[in-house]
Amino acid sequence: MRQKMINLSFLIRQISLITLLTVGVSLEMIGGVIDLAFAAQLSASALVGIFLIAGGCPVWVGCIGILFFNFFLGFLKAVFLVKLRVPSIIFTLAMQVILSNFLLATVDYTGIVIPELRESYRGNIYIGMELTITVLCVAGAFFFLEKSYYGKYCRMLGENLPLARENGVKCFGISVAVHLFASLFFSIPAAFLMFRTGSSNSALGATYLYQILTAVFLGGVLPNTGKGRIFGMLSGALAVTLAVTFLTGSGYLYRFENILEGSIILVALALGVRKKNRESSP
């Protein structure tokens, strides 16, 4: 019975983590950005939080540090991608390389460890809190995307940025708002991982890169279409969580994970390009 409770706890926590990251990356992709840096961003922001706590700051200051670090990176994305018009794949790949090497240069592979933080977090019941935060964030994402001014124009940016500029849309301001909002969905998982492990290192977020991209594409969020719904994001996140859990339990995860995820990404991209071409044809 205890083992079943532990497995259920692990599954719920994974669903929360993957759902938040999937929604964050999906929001960026709907706005026209293919983000390859979010996994390194997750590791780096958790390192900021753990560094502040290890230096004697209260835990809440570490969480604020994580949030502001992600806000800063979100603002940089808007500047480079919309203001300077750098292709998103090139910029986010460069950011991924910079953040990854910064982590390797700052701390070793084991990173900074605070066992007391992990034990304190494990010693209390935080599963309900994580689940509640996830539900509130998803509800906020639904309102932002479907009911707000920024969500409407976010889709225009993702579908056709030059046309949005011609129509007088304040593209830079919209992009800043989208990336700052998406930063919440990177900050909260970074804090979750920091508390769960009591540490941060260069590999903390690495395993989530292809998992989250797979969940995003499975959820129907495709590049250069401006389309995507919250229900689809949730479906993609749940599918990937269950698949990863099954593969982990069967011992096949590390053998086939990247092959399966890479294949799904290629198929999803091909379908997205085909769909866009079909919609644009007379």
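Here are the numbers for this structure:
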{"quantity": "Ile174 being closer than 30 Å to Arg85 by Cβ, surrounded by fewer than 22 Cβ atoms within 10 Å (Cβ to Cβ) and at pLDDT 90 or above", "calculated": "no"}
{"quantity": "Test: residue in the stretch 144-156 that is among the basic types (Lys, Arg) and within 29 Å of Ser9 (Cα to Cα)", "calculated": "no"}
{"quantity": "Residue satisfying condition, being of a type in the set (A, V, I, L, M), in contact with a helix residue (DSSP H, G or I) (Cβ under 6 Å, 6 or more places away or on another chain) and part of a helix (DSSP H, G or I), within set Leu36, Leu52", "calculated": "Leu52"}
{"quantity": "Helices (runs of 4 or more DSSP H) contained in the stretch 114-229 and holding at least 1 residues in contact with a strand residue (DSSP E or B) (Cβ under 7 Å, 6 or more places away or on another chain)", "calculated": "171-197"}
{"quantity": "Neighbours by Cβ (under 9 Å, 6+ apart or cross-chain): first from the stretch 49-75, in contact (Cβ under 8 Å) with a residue 24 or more places away in the chain; second surrounded by fewer than 20 Cβ atoms within 10 Å (Cβ to Cβ) and among the aromatic types (Phe, Trp, Tyr)", "calculated": "Gly62/Phe51"}
{"quantity": "Pair list, Cβ < 6 Å and 6+ apart or interchain, from the stretch 167-184 residues that are aliphatic (A, V, I, L, M) to residues that are surrounded by 15 or more Cβ atoms within 10 Å (Cβ to Cβ) and not in a helix (DSSP H, G or I)", "calculated": "Val178/Gly31"}
{"quantity": "Ile66, sole failed condition from (1) within 24 Å of Leu213 (Cβ to Cβ); (2) part of a helix (DSSP H, G or I); (3) open to solvent by 40 Å² or more (accessible area, probe 1.4 Å)", "calculated": "(3)"}
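The values are calculated or read from the model by the stated rules, or taken from the named source; none is laboratory data. Because the structure is predicted, anything quoted here is derived from the model rather than measured. Note that each Cβ is placed from the backbone with ideal geometry, even for glycine, and that neighbours are counted across all protein chains shown. The accessibility values were calculated without ligands, DNA or RNA, using every heavy atom of the protein model including side chains. Shrake-Rupley method; radii C 1.70, N 1.55, O 1.52, S 1.80 Å.
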